[in-house]
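> Here you go, one structure.
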Amino acid sequence: MKEGEASFTARFPAILRAAHQVLDGNPKILDDPLSIGFVEGAEESEIQTNLERYQSPPLVQARAWFAMRHRFAEDSLAQAMANGTRQYVVLGAGLDTFAYRPSQASSALHIFEVDYPATQVWKKERLAALQIAIPKHVSYVPVDFERQSLAQGLAQSDFDFSSPAFFSWLGVTMYLERDAVFNTLKTILSMPLSSQVAFDFELDEAALQGQVKRSIAKASASAARRGEPWKSRFKASDLQKTLLDMGFREVTYFNASQAEERYFSGRKDGLSLNGAGHMILARV
Ligand SMILES: C[S@@+](CC[C@H](N)C(=O)[O-])C[C@H]1O[C@@H](n2cnc3c(N)ncnc32)[C@H](O)[C@@H]1O
């Protein structure tokens, strides 16, 4: 990532979430009509014009994954809200639309979007161009996870460290050095009991095989070409153990086959994760 520039890799999942709305059947894995046109390239006409590309197996699989990881985080957030959580921290928010979708859930929360300052400036410009006002209950928290602690960033905002919070961290850990990943998790661990974090991670190359290994290698090479190389990957069992050793009370590993069963079974549009995608839900 170039100093002072907005993240390029934030665009791709945003465009594919829009393609999910436009091209896939109902019910959607993630209901996100606001994603259509949210960023340049995510317009319905643009997606329909490039149908061959968007209906190619790698992009169908990628959009299934981008939609699913948000759905998993938002379903987990809904459960946390049912138990009283009222703060939602979106780490590496990119062009996440949750805070701007009119819903009871988003208005009942104080939402903190944490990201590189330059990515936030770009997002605000997009919101202004779309005439979407930033709701009063949404705070922007500029943080570079490699240079600054999440705690320092949140301390500059009106975040309440004495109340539980739900954190999502989607499509970010692979772009950070391991130290930055664990330092951020330590901040989350210092939050009140019942705070939670949902995040995805990339598996160690050695744990991959066949078609999944080839498609992950392509995704990693493409990120590197864009100047945002992947820096950390994990073995699922090691990561779970490390989180428990750090002090998280409950650590759930949610893999692609569990996600397939929970969210994709019975679909008639062929949308599938095809074995890719790994998430953790950890509770303080
Ligand atoms: C692939 S995008 C994912 C965006 C969004 N969470 C989504 O799923 O659509 C990665 C996000 O992580 C942010 N990011 C990457 N490295 C970062 C760092 N060192 N500090 C803060 N944000 C970072 C980028 O700005 C970008 O918004």
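> Helices (runs of 4 or more DSSP H) wholly in the stretch 160-267 with at least 3 residues that are within 12 Å of the ligand (Cβ to nearest atom) - which ones?
Where helices (runs of 4 or more DSSP H) fall fully within the stretch 160-267 and carry at least 3 residues being within 12 Å of the ligand (Cβ to nearest atom), they are 178-189, 210-225.
> While we're looking at this one, here's another question. Within the group S195, S215, which residue is buried (at least 18 other Cβ atoms within 10 Å of the Cβ), under 30 Å from M81 (Cα atoms) and hydroxyl-bearing (S, T, Y)?
Criteria check complete, one pass: S195.
Rundown of residues vs (1) surrounded by 13 or more Cβ atoms within 10 Å (Cβ to Cβ); (2) aromatic (F, W, Y); (3) within 22 Å of F167 (Cα to Cα); (4) at pLDDT 95 or above, yes/no style:
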residue	(1), (2), (3), (4)
L239	yes, no, yes, yes
E250	no, no, yes, yes
S257	no, no, no, no
E260	yes, no, no, yes
G277	yes, no, yes, no
V284	yes, no, yes, yes
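> If only one of S76, S35 is buried (at least 21 other Cβ atoms within 10 Å of the Cβ), in contact (Cβ under 8 Å) with a residue 60 or more places away in the chain and touching a Ser or Thr at 6+ places or on another chain (Cβ under 9 Å), which one is it?
S35
> Hey, among the residues in the stretch 165-192 that are farther than 20 Å from K231 by Cα and out of contact with any strand residue (DSSP E or B) (no Cβ under 7 Å at 6 or more places or on another chain), which one's surrounded by the most Cβ atoms within 10 Å (Cβ to Cβ)?
Among residues in the stretch 165-192 that are farther than 20 Å from K231 by Cα and out of contact with any strand residue (DSSP E or B) (no Cβ under 7 Å at 6 or more places or on another chain), the one surrounded by the most Cβ atoms within 10 Å (Cβ to Cβ) is T187.
> Applying the selection to the stretch 99-117, what residues are assigned to a loop (DSSP other than H, G, I, E, B) and either within 12 Å of the ligand (Cβ to nearest atom) or crowded, with 20+ Cβ neighbours inside 10 Å (or both)?
Of everything in the stretch 99-117, those that are assigned to a loop (DSSP other than H, G, I, E, B) and either within 12 Å of the ligand (Cβ to nearest atom) or crowded, with 20+ Cβ neighbours inside 10 Å (or both) turn out to be L109, Y116.
> In addition: Confirm whether D96 is buried (at least 17 other Cβ atoms within 10 Å of the Cβ), charged (D, E, K, R) and under 14 Å from the mean Cα position of the chain (by Cα).
yes
The values are calculated or read from the model by the stated rules, or taken from the named source; none is laboratory data. If you're wondering where the values come from, they're calculated on a predicted model, not measured in any experiment. Positions of Cβ are backbone-derived with ideal geometry, glycine not excepted, and every protein chain shown enters the neighbour counts.
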